[in-house]
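Have a look at the structure below, then the notes.
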Amino acid sequence: MALGDGTKSVSDTAAGLKMENLYMAEVYSLPQLGWRHYFQQQLTMEELESYTIARVVGQERGEVQLQTRLGRLLLPHSPSIPAMIVGDWLLLETEGRFVRLLERFSLLSRKAAGSRVTTQLIAANIDSLFIVSSMNQDFNLNRLERYLSLAHESGIEPVILLTKPDLCEDPQSYLKQAEALGPLLQTLAVNSLEVDSVQQLEPWCSTGNTVAFLGSSGVGKSSLINTLLGNQQQHTQGVRNDDDKGRHTTTNRSLHPLASGGVLLDTPGMRELQLTDCEDGVEETFSDIVGLASCCRFSDCRHQSEPGCAVREAITTGTVTERRLKSYTKLMREQALNKATLAEKRAADRKFGRYIRSVINSKRRE
């Protein structure tokens, strides 16, 4: 059973119930939940002795699912509580009231899907990101570079997992393409249904570490998670035969403790992942192109037809592909545009807020 199932609500504390009475039977130590010195040093001795430490392990409409050393409970959303996401750590009073959110060491976020001009939080306090792609028509280097840029910007170690090698005629060709995306990039071929194959992931799943899975629908994430957990936590579905596209199986984010001591975070499959304010992450993903660009004759070289362009020369010799340059250019343009759009929205919101306050103050004076 995933963390967060069958919990009782903190709102019951209004009747004077103690926190222990609200907990369910599942109990984990803080290290088993991913606790580390980074969070410990944010607490005073008084806070450590007086408050309860909790981690967000799931989210439902109107409520946040929490796990502590004593068990699980639900924290209702409130305008006075900051926005939280799965993976966050927070402090609670004995009665279950929110105290404060601890500082994150990593945060996955994206521009909200569709036309909405907002930032959507995905997960917090992740150590390693398993980027999952299958060895079929779903395999897409541009998408992998997009996921890698997100991981690098967040300061999270990326690991590429290529699934369904048993259904592929030439798995090595897919591995070579993925490995070429970075000299130090870890890339593994994993059969999601075989325990021995999935055991390759154990080095990243040790006590205190939190790992997350990210990938489009139908790549085998749920099957992989089921094998890693040793049970049928996630419902699975097949892919469409015509294009190997998957159907959404996981619909929310949740944390699961692992037998190896680590914590696993599952996220829904994503059809759309737009980057925003991610320049450093994109440049780290395309460090080869960035390095070559520094050798171009002109500092503002666009790598098209300018003389003395080191990037075009590398493409001519086969060191860099035209596809990779186009992917780099597209992601840099996209993140800059989304960053500007979000900044304009925030400025407009601040301006509207000042207007509302001025109207309220004017009415008060009258």
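Checked against (1) in contact with a strand residue (DSSP E or B) (Cβ under 9 Å, 6 or more places away or on another chain); (2) over 30 Å from TYR51 (Cα atoms), ASN125 passes all but condition (2).
Residue count for region 151-177 under the criterion of being within 23 Å of ASN136 (Cα to Cα) and under 20 Å from the mean Cα position of the chain (by Cα): the result is 6. Is one or more of the residues making up region 61-73 touching a residue at least 40 places away in the same chain (Cβ under 8 Å) and touching a His at 6+ places or on another chain (Cβ under 7 Å)? Yes, because at least one residue in region 61-73 is touching a residue at least 40 places away in the same chain (Cβ under 8 Å) and touching a His at 6+ places or on another chain (Cβ under 7 Å). Only residues that are free of Cβ contacts under 8 Å to residues at least 40 places away in the same chain, within 29 Å of LEU107 (Cα to Cα) and in contact with an Asp or Glu (Cβ under 9 Å, 6 or more places away or on another chain) were counted across region 162-215, and they come to 5. In region 157-169, how many residues are modelled with pLDDT under 95 and surrounded by fewer than 24 Cβ atoms within 10 Å (Cβ to Cβ)? Number satisfying all stated conditions: 5. Of everything in region 39-77 that is within 20 Å of the chain's Cα centre (by Cα) and closer than 18 Å to SER29 by Cβ, the residue that is surrounded by the fewest Cβ atoms within 10 Å (Cβ to Cβ) is PHE39.
The values are calculated or read from the model by the stated rules, or taken from the named source; none is laboratory data. Not measured: the values here are computed from a predicted model. Neighbour counts are summed over all protein chains in view; Cβ atoms, including those assigned to glycine, are modelled from backbone coordinates with ideal geometry.
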